[in-house]
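The values are calculated or read from the model by the stated rules, or taken from the named source; none is laboratory data. Computed from a predicted model, the values in this text were never measured in an experiment. Here Cβ is always computed from backbone atoms with ideal geometry, including for glycine, and neighbour counts include all displayed protein chains.
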Amino acid sequence: MSETPVLEQETYLRALRLLEAAPQLNQRALALELGMSLGKTNYCLKALVQRGWVTAERFHNSQRKLAYAYLLTPAGIAEKSVLAARFLKRKMDDYEALKSEIDRLQQEAVREAKPAQGSNQLSMQAPHPAALSIHTPAPTAAP
């Protein structure tokens with residue numbers, strides 16, 4: 001699995017999580033949840049079945065021709081854990097890199113900042129996330 005591209009690993013993880021929570025999802029609903037095309041979702045499901053992580057079983061009382069339940073196999077459950085651990089490690093590494101970059105930028109800002117009127121120091125705290133959000137003006141009514 002280590003040769004599988006990171007983006008594909010994340011797609012597999014998301015699909016495994018969704019199928020574990022709702023095995024009755026059809027491919028169209030799964031595609032919507034994953035934000036992918038139906039064709040790509042079909043390709044993903046086939047890959048999960050081929051790897052032995054998911055089985056496709058027909059509903060017993062279904063009137064619909066193509067109604068399946070996608071069930072995680074024991075290997076699929078184990079792989080979901082492995083993928084989740086890799087995902088968490090990547091995100092923690094990203095977090096640490098971002099935190100270091102923020103620290104460097106804050107130190108640079110302090111060194112280069114001219115003392116503000118009435119204050120000799122620049123706050124070393126990171127701004128609150130709400131202060132960083134981009135506010136767009138409300139649309140005005142057309143005359």
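Restricting attention to the stretch 79-114, which residues are polar (S, T, N, Q) and closer than 23 Å to L7 by Cβ? Before the answer, list the steps.
The initial filter retains those residues of the stretch 79-114 that are polar (S, T, N, Q), namely 81, 100, 106-107.
The answer is S81, and nothing else.
Taking A126 as the residue in question, decide whether it is at pLDDT 60 or above and not basic (K, R). It is false that A126 is at pLDDT 60 or above and not basic (K, R).
Take the stretch 1-26 and flag every residue that is in contact with a Leu (Cβ under 9 Å, 6 or more places away or on another chain) and either surrounded by 18 or more Cβ atoms within 10 Å (Cβ to Cβ) or of a type in the set (A, V, I, L, M, F, W, C) (or both). Within the stretch 1-26, M1, Q9, T11, Y12, L13, R14, A15, L16, L18, L19, A22, L25 qualify.
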